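Following: one structure in structure tokens, then a few remarks.
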Amino acid sequence: MQEQALQPSAFACPVHKHALGDNLFCTACAKPYPSVNGIPVLINDANSVFQTADYLQARGYEGASSYGGHLDNSRGWRQLYRRAIAALSESNPPGRTFDAAQAVKQIQAQQPDARVLVIGAGDSDIGGSNVVTTDVAFGAHVQCIADAHDLPFVDGSFDACIAIAVLEHVVDPYRCVEEIRRVLRPRGFVYAETPFMQPVHMGAYDFTRFSHLGHRRLFRHFDELDSGIVGGPGTSAGQMLRYVIASLSERAAVKRWLKLAALLLTYPMRWIDRICLGKLAAYDSASGFYFFGRLATEPLGDRELLALYRGG
Ligand SMILES: [Zn+2]
């Protein structure tokens, strides 16, 4: 489903954070923001690794790696290879107990008209008519190009925010969570998934990892509703071994086949999670974590944080 275009007034200037007028015009900046094929490009150029100019070129900005199948122009065996790699490496790790769809269901059960912001939406479709989707690259469901360090929305404009595999790709995740806080209404919800034991992905655009407690601290201004593992130790070990195998050669042709062989060879390792996931020790070497919470009135103290350690 293609999301409908939003009115310019749904967006704010990423610098001044007040609502934009017609034609995405900011009176304080004394200029309009551009849009490409109806998608507003709302980047604070002075404060972002991304530049507005890059989105205005013929093919626009596609991200550090292939960002969704619609940008993949490959044909024949090359297309088959890419699709196989994508399907295997992006398939959901086994044993998941909670995900974004369940979070959204819980939010909507409490607040049927909840307005939801999805950051880093890419090609994923969270669904729902009251959902606003943003990313730093054009994708099938992206309604606005935005950098999470400066969200182009006025304060308190959403009831929930979802950020899946986003916070490892931002230079300052603490600032981004502050921005999430700013655009949420009081008691607003957040759902995030962030890697822990994962090799670098998306090239240069990968900066940070979080342990379960580190992730909890990142969201210290939120009360926890639920948190847990996304991909257990088997998934982490398989991913690491894949990268070890792929690093055995630097010749592009060899590397291509090494990557596919490594993926097929290590894929079954994720089933080890069937055994590990029920055990607390899995928290010490999980592939990633999710956090689902609600904006709190008081932040969680660092001493209280220590008591929440789950490993073993
Ligand atoms: Zn402005």
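The values are calculated or read from the model by the stated rules, or taken from the named source; none is laboratory data. It should be emphasised that the depicted structure is a prediction, and the values quoted were computed from it without experimental measurement. Using ideal geometry, Cβ is built from the backbone for each residue, glycine included, and neighbour counts are taken over all protein chains shown. Keep in mind that these areas ignore ligands, DNA and RNA; they rest on the heavy atoms of the full protein, side chains included. Shrake-Rupley method; radii C 1.70, N 1.55, O 1.52, S 1.80 Å.
Taking amide H as placed 1.01 Å from N in the peptide plane, the amide H of ASN44 sits under 5 Å from that of ASP147, each at least 5 places away or on another chain. Looking at the chain alone, DSSP beta bridges between its own residues are antiparallel in about 50 percent of cases. Accessible surface comparison of LYS259, LYS105, LYS17, probe 1.4 Å, protein chains only, largest first: the order is LYS105, LYS259, LYS17.
Ignoring aspartates and glutamates fewer than eight residues from LYS259 along the same chain, the ones with Cα atoms less than 16 angstrom from its Cα are GLU90, GLU250. Would you look at the GNM of the chain, springs on alpha carbons closer than 10 Å, and say which of VAL36, VAL183, VAL104 moves the most? Largest GNM mean-square fluctuation: VAL36. Across the chain, the mean sequence separation of Cα contacts (distance under 8 Å, 6 or more residues apart), normalised by length, yields a relative contact order of 18 percent. Under a Gaussian network description of the chain, with springs only between Cα atoms under 10 Å, the residue in MET240, MET202, MET269 that fluctuates furthest is MET202.
When the P(r) of segment 8-306 is calculated, the portion above 27 Å amounts to 45% of the C-alpha pairs. Computed 3J(HN,Hα) for segment 220-230, one whole-Hz value per residue from the Karplus formula 6.51 cos²θ - 1.76 cosθ + 1.60 where θ = phi - 60°, is 5, 7, 10, 7, 7, 9, 6, 7, x, 8, 10, glycine and proline marked x.
Taking each residue as 0.36 nm, the span from GLN79 to TRP257 lengthens on full extension beyond its C-alpha to C-alpha distance by 62.7 nm.
If you take the Cα centroid of segment 267-306 and the Cα centroid of segment 21-43, the two points sit 40 Å apart.
Accessible area ranking (1.4 Å probe, heavy atoms, ligands and nucleic acids excluded), largest first, for HIS149, HIS201: HIS201, HIS149. You can think of it this way: the chain between LEU305 and ASN37 has 91.9 nm of extra reach, that is 0.36 nm per residue less the Cα-Cα gap. For segment 218-265, the calculated P(r), taken from all Cα-Cα distances in 5 Å bins from zero up to the bin holding the longest distance, is 5, 18, 19, 12, 10, 9, 8, 8, 7, 3 percent. By the rule of a C-alpha distance below 29 Å, with chain neighbours fewer than 8 residues away ignored, the lysines paired with LYS17 are LYS31. Taking 0.36 nm per residue of separation and subtracting the Cα-Cα distance, full extension of the segment from GLU90 to LYS105 would add 3.1 nm. Dipole magnitude for the chain: about 960 debye, using +1 per Lys or Arg Cβ and -1 per Asp or Glu Cβ, origin at the Cα centre.
Taking Cβ separations below 4.7 Å as the criterion for a possible disulfide partner, the isolated cysteines in the chain are CYS144, CYS161, CYS176, CYS276. Identify which of ASP226, ASP150, ASP159 has the largest mean-square fluctuation in a Gaussian network model of the chain, with springs joining Cα atoms closer than 10 Å. Checking each option, the largest mean-square fluctuation is seen for ASP226. Coordinate range of the alpha-carbon atoms in segment 81-235 per principal axis, descending: 42, 33, 30 Å.
Distance between the 7 Å Cα→Cβ label points at TYR267 and VAL49: 3.1 nm.
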